[in-house]
1. Since residue 92 meets every condition but one in (1) over 21 Å from the mean Cα position of the chain (by Cα); (2) in contact (Cβ under 8 Å) with a residue 12 or more places away in the chain, which condition does it not meet?
2. Answer yes if at least one residue in region 9-25 is in contact (Cβ under 8 Å) with a residue 12 or more places away in the chain, more than 18 Å from residue 128 (Cβ to Cβ), in a helix (DSSP H, G or I) and touching a helix residue (DSSP H, G or I) at 6+ places or on another chain (Cβ under 8 Å), and no otherwise.
3. Tell me which residues, restricted to region 380-420, are part of a strand (DSSP E or B), closer than 19 Å to residue 257 by Cβ and either touching a residue at least 24 places away in the same chain (Cβ under 8 Å) or in the same structural domain as residue 333 (by TED's automatic domain parsing) (or both).
4. Tell me the residue from 377, 298 that is more than 25 Å from the chain's Cα centre (by Cα), surrounded by 15 or more Cβ atoms within 10 Å (Cβ to Cβ) and within 29 Å of residue 256 (Cβ to Cβ), please.
5. Any residue in region 155-173 that's on the phi > 0 side of the Ramachandran plot and not assigned by TED's automatic domain parsing to the domain that holds residue 399: show its pairings with residues that are buried (at least 20 other Cβ atoms within 10 Å of the Cβ) and in a loop (DSSP other than H, G, I, E, B) at Cβ separation under 9 Å, as long as the two are six or more apart or on different chains.
6. If I ask for residues that are touching a helix residue (DSSP H, G or I) at 6+ places or on another chain (Cβ under 6 Å) and closer than 18 Å to residue 46 by Cβ, which ones from region 58-79 would you list?
7. I need the full set of residues from region 103-131 which are part of a helix (DSSP H, G or I) and either buried (at least 20 other Cβ atoms within 10 Å of the Cβ) or in contact (Cβ under 8 Å) with a residue 24 or more places away in the chain (or both), in order please.
């Protein structure tokens, strides 16, 4: 942006005293894209406020991965309008892709679907009578690459390297809302990582809609990790598909661990091979079992998390039991459990459905098992010393994660966000490890 144009935008913005509230729902990719929007509007020098604090502009970045996510989006739109009756309310994201007319009826002033997210700055600036030309929007082919504005705690940054999904699982609406796969060139990712390191971020999380399909480097995610390792900031992968996780990636994570965090979230969905095939998943339980065994053999301190769906169409009681048994076998440290809900327009919605009450019962059984598995993984950590990256401090208590992604509540003097400290685990409280700051180790001992 030219200095004169920048001055004009800032002067105009001060006249309207722009206050922005941004509500982000759903995945890490949405978080990156919300941050990108605020970064694109940085020339306005906006004040970012909470939804209830009286905003001139409200942006709601929605999710549609489940019907529950869509219900949450509708509630947030209504809440935004009630709390900010005179604000310009803009709704974007995956739900905006699916139901723009319904969103407008709920009180949104503008609905911008994913495929048009690059138009967000222009839509916003033109509404407020501000010059839109000086604001350069990135190509919509890859929105959310490099701009930063909202998530400025300087602790963990999400870096979007991929978008879209070509897989087309039978139950999933995401290919419709996110489009075909696109991949960011690794040199662009490296440039952003270097800028984030210079800004003081302490961990970078690579994220995408289907992260493991990344083809912006000749050697995929594994090659990108090796390039980024030279930046000097610890790296973490967000959720990745089992079939996209090969030996080379495991070898790279193992070689750099714990600098590359020794944790993978490998979505299982079900432990029944018939259902995996019916739902269009591209692996079976034998492959998953071997993958987990290989990860544990190659990655020091490896931790597995996963997710499952209760009550997939045509699921029998025996198949539900098979999922419970398979989870016990692979023993993840954490299991996210979702109740299947039919998504109109998906193949799974046309199949015979498990009764709702039965789906809920199976959900409860999976959740109960998830708690047992988590406690069994966490209990042996009592008394152990571990590194913790402090993410926030509230009322004298620090909260963060270990390299293998256990949540930690930490007590001790002088703790600050962005600090990596040593801690001793004292208690297990649900899915959280309660710890105290460890005394420094005497190197002379």
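The values are calculated or read from the model by the stated rules, or taken from the named source; none is laboratory data. Every value quoted in this text rests on a predicted model; they were computed, and no experiment measured them. Cβ placement follows ideal geometry from the backbone for every residue including glycine, while neighbour counts extend to all protein chains displayed.
1. The failed condition is (1).
2. No, region 9-25 contains no residue that is in contact (Cβ under 8 Å) with a residue 12 or more places away in the chain, more than 18 Å from residue 128 (Cβ to Cβ), in a helix (DSSP H, G or I) and touching a helix residue (DSSP H, G or I) at 6+ places or on another chain (Cβ under 8 Å).
3. Hits for region 380-420 are 385, 386, 387, 388, 389, 408, 420.
4. The match here is 298.
5. Qualifying pairs under 9 Å: 164/209; 164/210.
6. 58, 60, 61
7. 103, 114, 115, 116, 117, 118, 120, 121, 123, 124, 125, 127
Condition check ((1) out of contact with any helix residue (DSSP H, G or I) (no Cβ under 8 Å at 6 or more places or on another chain); (2) crowded, with 20+ Cβ neighbours inside 10 Å) across all residues:
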{"residue": "188", "(1), (2)": "yes, no"}
{"residue": "191", "(1), (2)": "yes, no"}
{"residue": "194", "(1), (2)": "yes, no"}
{"residue": "202", "(1), (2)": "yes, yes"}
{"residue": "207", "(1), (2)": "no, yes"}
{"residue": "221", "(1), (2)": "no, yes"}
{"residue": "225", "(1), (2)": "no, yes"}
{"residue": "233", "(1), (2)": "no, no"}
{"residue": "240", "(1), (2)": "no, yes"}
